[in-house]
1. Taking the stretch 349-383, which residues are without any contact (Cβ under 8 Å) to a residue 60 or more places away in the chain, of a type in the set (S, T, N, Q) and farther than 21 Å from Ile109 by Cα?
2. Can you tell me which condition Thr442 does not meet? The list is (1) surrounded by 11 or more Cβ atoms within 10 Å (Cβ to Cβ); (2) not assigned by TED's automatic domain parsing to the domain that holds Cys216, and all the others hold.
3. Restricting attention to the stretch 27-83, which residues are over 20 Å from Asn108 (Cα atoms) and of a type in the set (Phe, Trp, Tyr)?
4. Being hydrophobic (A, V, I, L, M, F, W, C) and closer than 17 Å to Tyr369 by Cβ is the filter here; which residues of the stretch 409-426 pass it?
5. Outside any helix (DSSP H, G or I), of a type outside the set (Ser, Thr, Tyr) and either under 24 Å from Gly276 (Cβ atoms) or modelled with pLDDT of 85 or more (or both): which single residue out of Ala62, Ala53, Ala43, Ala35 fits that description?
6. Can you say whether Asp388 is at negative phi, in a helix (DSSP H, G or I) and not assigned by TED's automatic domain parsing to the domain that holds Tyr316, as far as the supplied structure shows?
7. Quick one: would you say Asn211 is over 24 Å from the mean Cα position of the chain (by Cα) and free of Cβ contacts under 8 Å to residues at least 40 places away in the same chain?
8. Can you find a residue in the stretch 320-336 that is within 30 Å of Ile465 (Cβ to Cβ), among the charged types (D, E, K, R) and assigned by TED's automatic domain parsing to the domain that holds Cys385?
Amino acid sequence: MTVNSLSFLIFFSIMVLIYYLPAVRKYQWVVLLIASYLFYMAAGIKSVIYILAATVTTYFTARSAGKLCEEKRGFLQQENNQACDVKAYKEQNKKRRNRVVLCEVIINIGILVMVKYMNFFIDNLNLVADKISPLHLNNVSLIVPLGISYYTLQSIGYVIDVSKGKAAWEKNFFKTALFITYFPQITQGPIGRFKHLSKQLFASREFSYHNLSYGCQRLLWGFFKKTVIADRIKPLTDTIFLNYHEYSGFTILLGLMYFSIQVYADFSGYMDIIGGCSDILGIRVAENFKRPFFSKSLAEYWRRWHITLGEWFRDYLFYPLSLSKKATSFGRKGRKILPVRIAKLLPSVYALSIVWFATGFWHDASWRYILWGVCNGMIIISSTCFEDDYKRLKKVFHIKDESKAWQVFCMCRTFLLVSLLKVFSAAVSTVDSLQMIKKIITGLSPRLTYALCFPEMKKSHLVYILFGLCIFFVISYLQEKHEVRDLLSKKPFIVRWLLYSILLFSILSFGVLTTDMPGGFEYAQY
């Protein structure tokens, strides 16, 4: 049951009616918990075992970490503590909290590795074993539970926050379960923080027409992006990438640009749909996108794309790694052989290298995604190391950052770079991605014929896509400066409903619709 399906809309509508019944107001969080498990079970009963294991582990590790934090606060409030005792106690307490966090990480990452990455390791071990021995391991047939990559990170982040005193541990097991399984965001995120999400999930609230109006507007916008843009472009990109050997490097490059737009419309469309659902419930989930195609550099793009994933890796991996003893050691050794400005960056370079490898591997158990992560990391690291040289070069050519022409150039350059990097996720395999790169490099001879630019696409479908992209660009441009829903609320009733009608008519007339819209979303596979 995907969130763009008719069955989900019926399920959600019934749940909202129950949610706002006066008799259940004090137990709205229970309604959400039941709905979350019903939604999750619709994806397969077996998956529930894994999410229950994650919930149990998270509850008890957070409980242990929370009690250790409370114990520490109580000890520090005692007036008769000696300075040396305080220092020794803090160190001991920190070690115990770290062991608790390590337990959470080992169990939950262990489950994730077992169900998602086991066959990747087996395949690579077999490749090595074939050269040195007749040993051959068989692949493991395990179901990959819905949303495991997302709720695993969310659970670990929660326990880390509790261990550091940044979040209070939840004493109610079932409320912890709701935080982990909240159904709108379990499939593709966003990756929630307990401090932000818990108060909203557990609060009681009355029905609000404002929330209903804003939520439906966002739902409508999400369905527009998904059905009119993403699902219309998908057949075009599938045609190019599944038959890339039949096309020139120029067509493949265009296909990567189309794919960039498709994935963004698809993923951000999902976020708007679940954001709209949450708005109707009076819950504000974290924003996951901020118009990434307006970015002027790859680093900025990643601050605007999948924001909660980037923030998770920043807070729970990058900062600890860059401040670690090993990173500091790299910096000290680097000063002996490298220029000071480069040596200062070594701790960040060390941390970024691991973060981007992990980001690629998180997306999928394949070498093509590892290569994708490494390439992103190399570009961002290079930009960081040569930032001063880049600034001097701009001065030489009298380029001003505030120049509109320069900003547009930077946006186009970033979009092209992002699209080229999409070759790893667009291809079916690592070999295919490398073959496509080769074709782009050796066969980039632009020929502007309709058949080469839009292979096997009907012209009417192209018109629908262009229409959708025009509206998409205008709304995105307005969103850079304003909250569009606030702007709409100030318009006359007739104007508002005229715009809603145009959007709804576009979805029904130009969108890819079926009885149950089973196509799903691109990022659900991660």
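1. The one that is without any contact (Cβ under 8 Å) to a residue 60 or more places away in the chain, of a type in the set (S, T, N, Q) and farther than 21 Å from Ile109 by Cα: Ser382.
2. If we test Thr442 against (1) surrounded by 11 or more Cβ atoms within 10 Å (Cβ to Cβ); (2) not assigned by TED's automatic domain parsing to the domain that holds Cys216, just (1) comes out false.
3. Tyr27, Trp29, Phe39, Phe75
4. Correct list: Val418, Leu420, Leu421, Val423, Phe424, Ala426.
5. Unique residue meeting the criteria: Ala43.
6. Answer is no for this residue.
7. Against the criterion (over 24 Å from the mean Cα position of the chain (by Cα) and free of Cβ contacts under 8 Å to residues at least 40 places away in the same chain), Asn211 does not qualify.
8. Scanning the stretch 320-336, I find no residue that is within 30 Å of Ile465 (Cβ to Cβ), among the charged types (D, E, K, R) and assigned by TED's automatic domain parsing to the domain that holds Cys385, so the answer is no.
The values are calculated or read from the model by the stated rules, or taken from the named source; none is laboratory data. Note that the structure is predicted; figures quoted are calculated from it, not measured. In this analysis, Cβ positions are derived from the backbone assuming ideal geometry, glycine residues included, and neighbour counts consider all displayed protein chains.
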